[in-house]
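The values are calculated or read from the model by the stated rules, or taken from the named source; none is laboratory data. Note that the structure is predicted; figures quoted are calculated from it, not measured. So basically every Cβ, Gly included, is an ideal-geometry build from the backbone, and we count neighbours across all protein chains shown.
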Amino acid sequence: MQGIHPATYLFAARALRDFGDGFVAILLPVYLLALGFSSLQVGVIATASLFGSALLTIAIGFLGARHDLRGLLLAAASLMVASGVAMSMINDYALLLVVAFAGTINPSAGSVSVFVPLEHAVLTREVASVERTRMFARYSLVGALASAVGALAAALPDLMTRLALGHLAAIKLMFVLYAVVGILGGLLYARIPSRPASRESDKTTALGPSRAIVLKLAALFSLDAFAGGFVVQSLLALWLFERFNLSLFEAGVFFFWTGVLSAFSFPVAAWLSKRVGLINTMVFTHIPSSIALALAAFAPSLPLVLVLLLIRAALSQMDVPTRSSYVMAVVTEAERAAAASFTSVPRSLAAAASPALAGALFAASYRASPLLICAGLKITYDLLLLLQFRHLKPPEEC
């Protein structure tokens, strides 16, 4: 066991966590609707979850530079366990809001999570600069494939009902499974070598010479995340449920394939970034994906909608490993945990605002509007990112 690279434990823990997020993102709206709540209330729950995640990530930004990263990951895994147990036991809306706000329930089934800045910092310290983007691509690939399998697992409640188990009880068992996943992830984090913060890091601020770069990136990432919040996976599933009456099984299969396409786009992104650069890869794959999303809003039939959303899935996440790699490349080593956190925080905060707005639009029967708003804002973000950062290159591109 001593010869296993620490990144291997992180990859395995990421896989487990994204497996849990994969089925929770689809089951969350179904669960809340089954409890008698409205589309607007589903959106508010998603907002509370993302906003709480943002506040936790802010705290991680300050703690990551001064505390052992392994200990912080173990604490996050414990919170995941508590979140799953609480969701399986609570039916009251006010209490569900509290759990969503204080826990790790992720309606996006993506990289908006308190775990992310910690894992980024650990991964970056374990690899050389020339391998960084490839490592982040593998890290994202593992997570996306696991999330895809998790989406398939969202169909398990339908299968359980055939065994005379109530539908609501079956969904509650899935939240228990989410807690079990948190326990297993914690066991993997415990295998990461402990590296207490040095005295030098205690004397430094969380962000120093790279502050201006990080803040500018954070502002742009917040725009991207605000746009993405209109179509987080829970709300996209809700849109498909309400417009086309998809079953849990059909939704699970669809999101499985979107996850697979996203997963295999990550190594393509790493390959492409070596040829055209990180920023160009982020921008020129993102814009076509947003166009596909906008077209899906107007598509008249389910097959055409699914094709357009699959095209979007194949392109929209190629900026994930490249974005992570770029942030880690343009800051100093001492700033990496804080930079990962401070660029994740606005993503979480901005993404937290839009699900409630999307829920209100759904409730008012403006079901296509969230998709169109998302597409328009994301294209704006891409153009601004290209304008502001095309000349600031990471060391391997200089």
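Worth a mention:
- Every test in (1) more than 18 Å from the chain's Cα centre (by Cα); (2) at pLDDT below 90; (3) buried (at least 19 other Cβ atoms within 10 Å of the Cβ) is passed by Ala263 save one, and that test is (1).
- Taken over the range 84-117, residues that are more than 27 Å from Asp224 (Cα to Cα) and either touching a residue at least 24 places away in the same chain (Cβ under 8 Å) or among the aliphatic types (A, V, I, L, M) (or both) amount to 12.
- Total residues in the range 155-183, condition modelled with pLDDT of 95 or more and either among the β-branched types (Val, Ile, Thr) or assigned to a loop (DSSP other than H, G, I, E, B) (or both): 4
- Taking residues in the range 239-251 that are surrounded by fewer than 19 Cβ atoms within 10 Å (Cβ to Cβ), and partners anywhere that are basic (Lys, Arg), the pairs with Cβ atoms closer than 8 Å and at least 6 places apart or on different chains are Glu242/Arg367; Arg243/Arg367.
- Test result for Arg367, part of a helix (DSSP H, G or I) and basic (Lys, Arg): no
- Flag if Ala360 is under 20 Å from Pro107 (Cβ atoms) and surrounded by fewer than 21 Cβ atoms within 10 Å (Cβ to Cβ): yes
- Condition met for Ala292 (at pLDDT 95 or above, small (Gly, Ala, Ser) and more than 27 Å from Val116 (Cα to Cα)): yes
- Boolean, Val331 is among the β-branched types (Val, Ile, Thr) and assigned to a helix (DSSP H, G or I): no
- Residues within the range 378-395 that are over 18 Å from Ser210 (Cα atoms) and surrounded by fewer than 21 Cβ atoms within 10 Å (Cβ to Cβ), tallied: 6
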